[in-house]
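Notes follow the structure.
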Amino acid sequence: MNYRRGFELFRQYAEEKLEKSLSEFLENGDDWERKPTSVRGVFVLKLPKYKGSPPRLAAEVNLVDSRGNPTKKRGLLIGNPVELKKFRGLIKEEGLDGLLDSVDDVNPGPSKEVRPEEEVIEI
């Protein structure tokens, strides 16, 4: 078997395994359940049925901490390849850089939460 054919078989196997895993999650997962993927910051989210449309899966892109846990309650939800292409175009938009620089300038700095001193019982 040549290299190219072996690679094609492996890719086909990986795609079938992924589709089976996603189908099982769609069938058995809880509404709004989030599952991590092998790509840090990319999750699969089960969306509940809504206005006559059946439950669906979506990709969620979310910043993660050092343990791989999402840092935001909800990330960017992407439901299909067309949406992904549109989001990629928007994120590349140069005006977004300027907007976020200005937002950063006008937002207050990080607040230091002042905790009351813990009462210590002297004995």
Of all residues in the stretch 22-57 being among the β-branched types (Val, Ile, Thr) and surrounded by 14 or more Cβ atoms within 10 Å (Cβ to Cβ), which is nearest to the chain's Cα centre (by Cα)? Val42
Residue within the stretch 87-96 that is under 15 Å from the mean Cα position of the chain (by Cα) and not in a loop (DSSP other than H, G, I, E, B) present: yes
Which condition does Gly29 not pass, out of (1) of a type outside the set (A, V, I, L, M, F, W, C); (2) in contact with a strand residue (DSSP E or B) (Cβ under 8 Å, 6 or more places away or on another chain); (3) modelled with pLDDT under 90, if it passes all the others? (3)
Here the residues within the stretch 97-107 that are part of a helix (DSSP H, G or I) and of a type outside the set (A, V, I, L, M) are Asp97, Gly98, Asp101, Ser102, Asp104, Asp105
Give Lys51, Lys72 a once-over and let me know the one that is in contact with a Leu (Cβ under 7 Å, 6 or more places away or on another chain), modelled with pLDDT under 95 and closer than 30 Å to Asp30 by Cα. Lys72
Would you say Val82 is touching a Lys or Arg at 6+ places or on another chain (Cβ under 8 Å) and either aliphatic (A, V, I, L, M) or not in a helix (DSSP H, G or I) (or both)? no
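The values are calculated or read from the model by the stated rules, or taken from the named source; none is laboratory data. Just so we're clear, the structure is a prediction, and the values are computed from it rather than from any experiment. As a convention, Cβ positions derive from the backbone with ideal geometry for all residues, glycine included, and neighbour counts pool all protein chains shown.
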